[in-house]
Amino acid sequence: MEQVDIVVIGAGVVGLAVAAELSKHFADRSLVLLERHSKFGQETSSRNSEVIHAGIYYPTGSLKANLCVEGNQRLYHFCRAWNIPHQRIGKLIIARSEQEIPVLDSLLEQGQKNGVNDLELIDNDQIARLEPNIRAVAAVLSPSTGIVDSHQLMLRLEWLALEQGAVIAYQHNVQGVEHIDNGFEVTYRNPEDQLEALRCQWLINCTGLSSDQIPSFLGIDIDNSGYRIYPCKGEYFSVPNSKSALVSHLIYPPPLKALKGLGIHATKSLDGRMRFGPNAIYTETLDYDVDEAHGQEFFNAVTTYMPFLDSEDFLPDMAGIRPKIQAPGDPVRDFIVCHETERGFEGLINLIGIESPGLTSSLTLAEKVKGLMS
């Protein structure tokens, strides 16, 4: 049976970043990245807002806060170095009424505690100069929030991993993991639907929506450990280009309670199109259909700050599913990045609950994994 040093499971943006980082840092070790789909980023990584977050919302000292704030600067540097399309477009978190201004004050304070040093509270007149077509009485301006071409980012990470000697095996669907002497035996189905196995010393779980399966294979109780994934669907609606041109920043209302989501917000793509979303619907079925009937919900939410839009402007666009580890109604949870030595699994590193800001934090998550292996 083939033996390698490192197996990474999952070729989303985080798994690719981990493979690129480890193949560079541990150049003398063999690394295989297993992915069940025929190419990278087919789930959460390619179905999101493509926003480079600043790190405002998350509890101070949390992995989400620390990895996002550092990841923001790392990702911009990486994009510049490799000519990955991106834009530091800036974001306004708005108050639609005087009653919402205290929420902005708390977000400003939270962001500054987290090390986001370029935030500014602006008034109605300043908003009107930046965004004359939106309705808001105040806003937090976040200049370092941006957007990135996630496909090009993943393509570059894939190239770097391969260039540095990693092997990427697409259409290799992991069926089980067994703990053995000095490591793990990973069983998978190959593209010919045959069962094969691979042994490794290090096993890195970056499987996103399936990330509770790997510990489950090894007998870890995913409920007692807090590792169970609760898929949460988010739909997006887009508007015609003529209306998209009326806004130039990302526009966010105050976040939903318990950070279930950041509210239905306006994002811009690199080609100037505007879409709205996501909503947040816990689901047990992993389908990516957009319910056209939800367009009215989006219209009602968005026209509180963009009155120039009509109900017929809202066109179903796409949907994504986030791998949440907070059950409906539960308090916000942090990323889980854990070397499972205390459970007796030396060499197993679980990355679980890597939802937003996972894209922004992908490079710093990979660096953290490297640190756990060093």
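The values are calculated or read from the model by the stated rules, or taken from the named source; none is laboratory data. On a predicted model such as this, the values are computed, not experimentally measured, just so you know. Positions of Cβ are generated from backbone atoms using ideal geometry, with glycine treated the same way; all protein chains shown enter the neighbour counts. What goes into the accessible areas is simple: the full protein's heavy atoms, side chains included, and nothing from ligands, DNA or RNA. Shrake-Rupley method; radii C 1.70, N 1.55, O 1.52, S 1.80 Å.
Would you point out which residue out of Val332, Val337 is out of contact with any Asp or Glu (no Cβ under 6 Å at 6 or more places or on another chain), within 19 Å of Thr207 (Cα to Cα) and open to solvent by 10 Å² or more (accessible area, probe 1.4 Å)?
One residue alone meets the criteria, Val337.
Just checking, does region 321-329 include any residue being within 16 Å of Val18 (Cα to Cα) and open to solvent by 20 Å² or more (accessible area, probe 1.4 Å)? No, region 321-329 contains no residue that is within 16 Å of Val18 (Cα to Cα) and open to solvent by 20 Å² or more (accessible area, probe 1.4 Å). Among the residues of region 93-133, those identified as touching a helix residue (DSSP H, G or I) at 6+ places or on another chain (Cβ under 7 Å) and either crowded, with 18+ Cβ neighbours inside 10 Å or of a type in the set (Val, Ile, Thr) (or both) are Ile93, Ala95, Asn114, Val116, Leu119.
Scoring Asn190 on the criteria (1) surrounded by fewer than 21 Cβ atoms within 10 Å (Cβ to Cβ); (2) under 19 Å from Leu372 (Cα atoms) leaves a single failure, condition (2). Would you mind stating whether Leu141 is surrounded by fewer than 19 Cβ atoms within 10 Å (Cβ to Cβ) and at pLDDT 95 or above? So Leu141 does not fit the description; no. Taking Arg129 as the residue in question, decide whether it is farther than 20 Å from Pro255 by Cα and free of Cβ contacts under 8 Å to residues at least 60 places away in the same chain. Taking the combined requirement at face value, the residue satisfies it. Filtering region 14-26 to residues that are of a type in the set (A, V, I, L, M, F, W, C), over 17 Å from Ser374 (Cβ atoms) and open to solvent by less than 10 Å² (accessible area, probe 1.4 Å) leaves only Leu16. Please verify whether Ile222 is within 30 Å of Ser23 (Cα to Cα) and either out of contact with any strand residue (DSSP E or B) (no Cβ under 7 Å at 6 or more places or on another chain) or modelled with pLDDT of 95 or more (or both), treating the condition exactly as stated. For Ile222, the condition - within 30 Å of Ser23 (Cα to Cα) and either out of contact with any strand residue (DSSP E or B) (no Cβ under 7 Å at 6 or more places or on another chain) or modelled with pLDDT of 95 or more (or both) - is met.
Here's the yes/no breakdown for (1) touching a residue at least 12 places away in the same chain (Cβ under 8 Å); (2) within 24 Å of Ser142 (Cα to Cα); (3) surrounded by 17 or more Cβ atoms within 10 Å (Cβ to Cβ):
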| site | (1), (2), (3) |
| --- | --- |
| Val8 | yes, no, yes |
| Asp28 | no, no, no |
| Gly41 | yes, no, yes |
| Tyr58 | yes, yes, yes |
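Checked against (1) at positive phi; (2) open to solvent by less than 40 Å² (accessible area, probe 1.4 Å), Gly344 passes all but a single condition, namely (2). Contact map, region 238-253: first residue under 18 Å from Tyr57 (Cα atoms), second residue open to solvent by less than 60 Å² (accessible area, probe 1.4 Å) and among the hydroxyl-bearing types (Ser, Thr, Tyr), Cβ cut-off under 8 Å, separation 6 or more or different chains; pairs are Leu250/Thr145; Leu250/Thr267; Ile251/Tyr305; Pro253/Thr304; Pro253/Tyr305. If you go through region 322-374 and pick out every residue that is in a loop (DSSP other than H, G, I, E, B) and over 25 Å from Glu235 (Cα atoms), you end up with 9.
Only residues that are assigned to a loop (DSSP other than H, G, I, E, B) and either among the aromatic types (Phe, Trp, Tyr) or open to solvent by less than 10 Å² (accessible area, probe 1.4 Å) (or both): list them for region 145-165, please. Before the answer, list the steps.
At the first step, the residues of region 145-165 found to be assigned to a loop (DSSP other than H, G, I, E, B) are 145, 149, 164-165.
Across region 145-165, the qualifying residue is only Thr145.
Scanning region 332-368 for residues that are in contact with a strand residue (DSSP E or B) (Cβ under 6 Å, 6 or more places away or on another chain) and within 26 Å of Ser150 (Cα to Cα) turns up Ile336, Val337, Cys338, Ile349, Asn350, Leu351, Ile352, Gly353, Glu355, Thr360, Lys368. Among the residues of region 261-283, none qualifies, meaning not one is out of contact with any strand residue (DSSP E or B) (no Cβ under 7 Å at 6 or more places or on another chain), hydrophobic (A, V, I, L, M, F, W, C), closer than 25 Å to Gln87 by Cβ and free of Cβ contacts under 8 Å to residues at least 60 places away in the same chain. Residues of region 60-112 that are acidic (Asp, Glu) and either within 19 Å of His249 (Cβ to Cβ) or touching a residue at least 40 places away in the same chain (Cβ under 8 Å) (or both): Glu70, Glu100.
Of the residues making up region 213-225, those that are open to solvent by 20 Å² or more (accessible area, probe 1.4 Å) and either out of contact with any helix residue (DSSP H, G or I) (no Cβ under 8 Å at 6 or more places or on another chain) or not in a loop (DSSP other than H, G, I, E, B) (or both) are Gln213, Ser216, Phe217, Leu218, Gly219, Asp221, Asp223, Asn224.
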